[in-house]
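A.B. asks: Structure incoming, see below.
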Ligand SMILES: *Cc1c(COP(=O)(O)O)cnc(C)c1O
């Protein structure tokens, strides 16, 4: 840290991204990326387009917005686009956090980072003992509420009918539903945006759309909330979605079937992996995401993480006391998961 850094940033506790190893070849099951490539439409859309980088990109993302609008049947004014969904969450905390924020104690690690960045009064709400969220804990809190659904790293999902009373009982604050993993078997709250002007549904191309490296997130909400987010964007970085990403994102929306088929395959592989781990005595939470959260009473979470790494398989381990016995395992291709299971067997032997 230099002596020039503003005091308010010196105390930050930045997010730690999952490892992105260089060199050694790992079976990489630690950051919930898709094991499948972007669709042919995406590859065609950006091929030979390097020349387009000379000009600034379209700050309104008109074509991309139209493609998303058409795919989801939501009008363009209700859609916001950004440099990954982290970029959207960043603005949501900045814009809507003045009454404080509440989110689950075990959830996506970035929420607490943003809360601290903007010095927002924070309520971290414990999960139930089965790691599920109790919706009634969030009724009438009168502050910004942020819930990942399905939740991370548990993978457990709430239904929209369980979430609706949270939105209804906090009419003067924004409820953010972070749907990074909704395409893997969860149910979206998107239909509720016409009914509630305080709902923001956040999505990403990083997981189900095989574009983590392109950095593209999108959000649905009332026209007024979207214009608030635009106001922050035009006060920081109007060109937050680059030209190649806009082209790729537009093409991906038109190849919906390809991505939904991939999601189906990932769900099948998730069920296979869950069954195999259970046969080995693991406890596996019921996941609606492209990862599973599992523990064994035969080996500690950290020891398993380290032993897997030693043998060339990367998973994600968290230090937090309540979940330190667990590992979060991204669902890769079927071959990756077969290799993962046989490595676990070797380690337990
Ligand atoms: C991966 C993830 C994100 C971030 O996605 P990006 O679009 O890559 O920034 C947001 N929320 C949750 C819960 C995630 O797991």
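A.B. asks: Just give me the residues in the range 241-255 being closer than 14 Å to residue 36 by Cβ and surrounded by fewer than 24 Cβ atoms within 10 Å (Cβ to Cβ), in sequence order. If you could, list the steps in order and put the result at the bottom.
C.D. replies: The initial filter retains those residues of the range 241-255 that are closer than 14 Å to residue 36 by Cβ, namely 252, 255.
Once the filter is applied, which keeps residues that are closer than 14 Å to residue 36 by Cβ and surrounded by fewer than 24 Cβ atoms within 10 Å (Cβ to Cβ), the range 241-255 yields only 255.
A.B. asks: For a quick check of your reading of the model, give me the residue pairs whose first member lies in the range 149-170 and is over 14 Å from residue 190 (Cβ atoms), whose second is assigned to a helix (DSSP H, G or I), with beta-carbon atoms closer than 6 Å and at least 6 apart or on different chains.
C.D. replies: 162/135; 166/135; 166/138
A.B. asks: Considering the range 108-126 alone, what residues qualify as being in contact (Cβ under 8 Å) with a residue 60 or more places away in the chain and within 16 Å of the ligand (Cβ to nearest atom)?
C.D. replies: Restricting attention to the range 108-126, the residues satisfying the condition of being in contact (Cβ under 8 Å) with a residue 60 or more places away in the chain are 108-110, 112-113, 116-117, 119.
The answer is 108, 109, 110, 112, 113, 117.
A.B. asks: So which of 176, 201 is without any contact (Cβ under 8 Å) to a residue 40 or more places away in the chain, farther than 21 Å from residue 332 by Cβ, in contact with a helix residue (DSSP H, G or I) (Cβ under 7 Å, 6 or more places away or on another chain) and within 16 Å of the ligand (Cβ to nearest atom)?
C.D. replies: On the way: 176 fails: without any contact (Cβ under 8 Å) to a residue 40 or more places away in the chain.
Result of the check over 176, 201: 201.
A.B. asks: Test residue 68 against the stated conditions and say whether it is assigned to a helix (DSSP H, G or I), at negative phi, within 16 Å of the ligand (Cβ to nearest atom) and surrounded by 17 or more Cβ atoms within 10 Å (Cβ to Cβ).
C.D. replies: When the stated conditions are applied, residue 68 passes them.
Laboratory data are not the source of any read-out in this text; all were calculated from the coordinates shown. Small disclaimer: the values here were computed from a predicted structure and weren't measured. Backbone-built Cβ (ideal geometry, glycine too); neighbour counts: all protein chains shown.
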